[in-house]
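The values are calculated or read from the model by the stated rules, or taken from the named source; none is laboratory data. Note that the structure is a prediction, hence the values are computed from the model and not measured. We place every Cβ from the backbone using ideal geometry, glycine too, and count neighbours over all the protein chains shown. Side chains are part of the model used for accessible areas, which takes the heavy atoms of the whole protein and leaves out ligands, DNA and RNA. Shrake-Rupley method; radii C 1.70, N 1.55, O 1.52, S 1.80 Å.
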Amino acid sequence: MSVLWDALNNIDNLTMFLLILSLGIALFYEMINGFHDTANAVAMIIYTNSMKAGYSVIMAGIMNFLGVVLGGIGVAYVIVHLLPLDIMVSSNQSATLVMIFSLLISAVVWNLGTWYVGLPVSSSHSLIGSLIGVSVAFGMLNGFSFSQSVNWKVVYGILTLLAVSPLFGFGLAFILMKISRKFVKHPKYFKTPRPDGKKKPNFWMRTGIIATGAGVSFAHGSNDGQKGIGLIMIILIGILPSYYALNMDAHQYKIMQIRDSASNLARFYQDNNETITKLLEENKLKSALKIENNISECDVKQVHKTTLEISSKLDGLKSYSELSDANRWKIHTAVLCSNNFFEQLERAYKTIDNDKSGYISDQRKHLITSTEYVPFWVIIAVALMLGIGTMIGYKRVVHTIGEKIGSKPINHMQGAVAQAMAMITILLANFAHAPVSTTHIVSSSVAGTMVAEPDGGVQKKTINTILLAWLFTLPVTSLMGALIYIVLNYIVGLF
């Protein structure tokens, strides 16, 4: 918090107002995320009468908190890097502010509207769609082509995982439900909850439902919480680059480690210059930024010089506070540039020399610690907002998950199986640093258990509605984000 306090004491009132407003909207987005996604984690617990709603949401809040704290920051920086580097390193402060507010407004409006009608919609889709929309709008208005406006490689990877993960959850739930029917014979495990809420599952079934529900909450915090963290880091870096471009709390020895990594990568480039030059000529190593204007530059042919510059500027440095604001930003952009290049080189060397590929990977891990970090207060704030959102808005989604997906209300075994498979799928995605949709994974897992039952099935109307929401969320929020950006950009230009 000391860095934030220093920033607040040294910025003008307008910047402070815009910072507080944007952080407030981002945290409100996380609360809506709780409406949508965290409710999925307690839906089965509440619907099957395994635990009272009040206790369920408290448990979900605690497990979400632990998930955010222990989940790492890999997914968060996938979200940050979804934006093209030219936007992040832009010196156009007003464009950065307009971009931030546009994507926040777009994501919040869509999430809040779909929650109000009780529709399980992906917060991940809405955030990613909004990011794409404002990135394209920014790029087109600043001289970039459509292909250069967004980091499409990252987008394609995210969209693939968003599409595959629900199918994976559906398949796992279907298989496990079939196995359960074959080996678990006692009918008490397959009872449907009573409408009056008085009859609870037996002890073992209730324990399983509560445990898997807690697991889904933890998994949700470890994945979806990081999306909020990534969003807040975009805001902090965009509005307060002098304070958040680098980890100002980094210890002297951490700075020395980063300096050594930059020096080692520069030496590796020099020692393997012939191979790298050949890879450049074969176009296997491409520029991190394809620049058509003067916003920024990141030339792969200058990476050796850029990496040496990082090492030189950090030599003998005890704290990043010793650097000027301009040099902090230069190191930030130089690290992004060098990391992008050596990430490509690491993949290229996997087919040439696996040991060298591993060496590059080790050095990169140390290098990016200067730019890929998260202040602890951000993690705490996101965790709290997820918990608050769960307690306020869970009822609408619980009803949809429990009764409107299957052709008949879900039974106790289906609830436990669906939650277990959703938890496993989300944790696997988190391990791979992949942002996925808790909503669609839980919904598809429930559908998998329904289809697996001999007399089961799904309500086509509800499934079709969820699928349509899945298909339309991305284009609608992209268009909304782009239009909001264009309008706000025009308004700002009048002043």
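Asn10 fulfils the conditions (1) modelled with pLDDT of 85 or more; (2) not in a loop (DSSP other than H, G, I, E, B) except for a single criterion, (2). Inclusion of Ile209 among residues that are at pLDDT 85 or above, at negative phi, crowded, with 23+ Cβ neighbours inside 10 Å and among the hydrophobic types (A, V, I, L, M, F, W, C) is warranted.
Residue by residue, here is whether (1) open to solvent by less than 30 Å² (accessible area, probe 1.4 Å); (2) within 17 Å of Tyr320 (Cα to Cα); (3) of a type in the set (A, V, I, L, M, F, W, C) holds:
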position	(1), (2), (3)
Met205	yes, no, yes
Gly213	yes, no, no
Gly225	yes, no, no
Ile239	yes, no, yes
Met248	no, yes, yes
Ser261	yes, yes, no
Leu265	yes, no, yes
Leu279	yes, no, yes
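Among the residues of the range 431-451, those that are within 11 Å of the chain's Cα centre (by Cα) and either buried (at least 24 other Cβ atoms within 10 Å of the Cβ) or over 14 Å from Ser124 (Cβ atoms) (or both) comprise Pro435, Val436, Ser437.
When Ile486, Ile466, Ile491 are checked against the criterion of being closer than 15 Å to Thr439 by Cα and either crowded, with 19+ Cβ neighbours inside 10 Å or modelled with pLDDT of 75 or more (or both), a single residue qualifies: Ile466.
Just one of (1) open to solvent by less than 20 Å² (accessible area, probe 1.4 Å); (2) in contact with a Ser or Thr (Cβ under 8 Å, 6 or more places away or on another chain); (3) free of Cβ contacts under 8 Å to residues at least 40 places away in the same chain fails for Leu386. It is (3).
Condition first: more than 13 Å from Lys227 (Cβ to Cβ) and at pLDDT 70 or above. Now tell me which residues in the range 105-130 satisfy that.
At the first step, the residues of the range 105-130 found to be more than 13 Å from Lys227 (Cβ to Cβ) are 105-106, 108-110, 112-121.
Ile105, Ser106, Val108, Val109, Trp110, Leu112, Gly113, Thr114, Tyr116 - these are the residues of the range 105-130 that are more than 13 Å from Lys227 (Cβ to Cβ) and at pLDDT 70 or above.
Residue count for the range 311-333 satisfying the condition of being on the phi < 0 side of the Ramachandran plot, of a type outside the set (Ser, Thr, Tyr) and either touching a Leu at 6+ places or on another chain (Cβ under 8 Å) or not in a helix (DSSP H, G or I) (or both): 8.
In this structure, does Lys318 turn out to be over 31 Å from the mean Cα position of the chain (by Cα), closer than 15 Å to Leu367 by Cβ and not acidic (Asp, Glu)? Steps first, answer last, please.
Details: over 31 Å from the mean Cα position of the chain (by Cα): yes; closer than 15 Å to Leu367 by Cβ: no; not acidic (Asp, Glu): yes.
Spelling it out, it is not the case that Lys318 is over 31 Å from the mean Cα position of the chain (by Cα), closer than 15 Å to Leu367 by Cβ and not acidic (Asp, Glu).
To keep it simple, each residue is scored yes or no on (1) at pLDDT 90 or above; (2) buried (at least 19 other Cβ atoms within 10 Å of the Cβ); (3) in contact with an Asp or Glu (Cβ under 6 Å, 6 or more places away or on another chain).
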site	(1), (2), (3)
Lys286	no, no, no
Val300	no, yes, no
Ser319	yes, no, no
Asp325	no, no, no
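Exactly one residue among Gly230, Gly208, Gly171 is in contact (Cβ under 8 Å) with a residue 24 or more places away in the chain and under 21 Å from Gly74 (Cβ atoms), and that residue is Gly230.
Here is a check on your reading of the model: is Asp353 surrounded by fewer than 21 Cβ atoms within 10 Å (Cβ to Cβ), out of contact with any Leu (no Cβ under 7 Å at 6 or more places or on another chain) and touching a residue at least 24 places away in the same chain (Cβ under 8 Å)? Answer is no for this residue.
Is it the case that some residue within the range 234-250 is of a type in the set (Phe, Trp, Tyr), in contact (Cβ under 8 Å) with a residue 60 or more places away in the chain and in contact with a His (Cβ under 7 Å, 6 or more places away or on another chain)?
Keep residues of the range 234-250 that are of a type in the set (Phe, Trp, Tyr), which gives 243-244.
This time we only want the ones that are in contact (Cβ under 8 Å) with a residue 60 or more places away in the chain, so: 243-244.
Filter once more, so that each one left must be in contact with a His (Cβ under 7 Å, 6 or more places away or on another chain): none.
Within the range 234-250 (the criterion being of a type in the set (Phe, Trp, Tyr), in contact (Cβ under 8 Å) with a residue 60 or more places away in the chain and in contact with a His (Cβ under 7 Å, 6 or more places away or on another chain)), the answer is no, since none of the residues qualifies.
Is there a residue in the range 142-154 that is in contact with a helix residue (DSSP H, G or I) (Cβ under 9 Å, 6 or more places away or on another chain), of a type in the set (Gly, Ala, Ser), open to solvent by less than 70 Å² (accessible area, probe 1.4 Å) and modelled with pLDDT of 85 or more? Looking for residues that are in contact with a helix residue (DSSP H, G or I) (Cβ under 9 Å, 6 or more places away or on another chain), of a type in the set (Gly, Ala, Ser), open to solvent by less than 70 Å² (accessible area, probe 1.4 Å) and modelled with pLDDT of 85 or more, one finds none in the range 142-154, hence no. Take the conditions under 30 Å from Ile58 (Cβ atoms) and either out of contact with any strand residue (DSSP E or B) (no Cβ under 7 Å at 6 or more places or on another chain) or surrounded by fewer than 19 Cβ atoms within 10 Å (Cβ to Cβ) (or both) and apply them to Gly230. Does it pass? Here the answer is yes, as Gly230 does meet what is asked.
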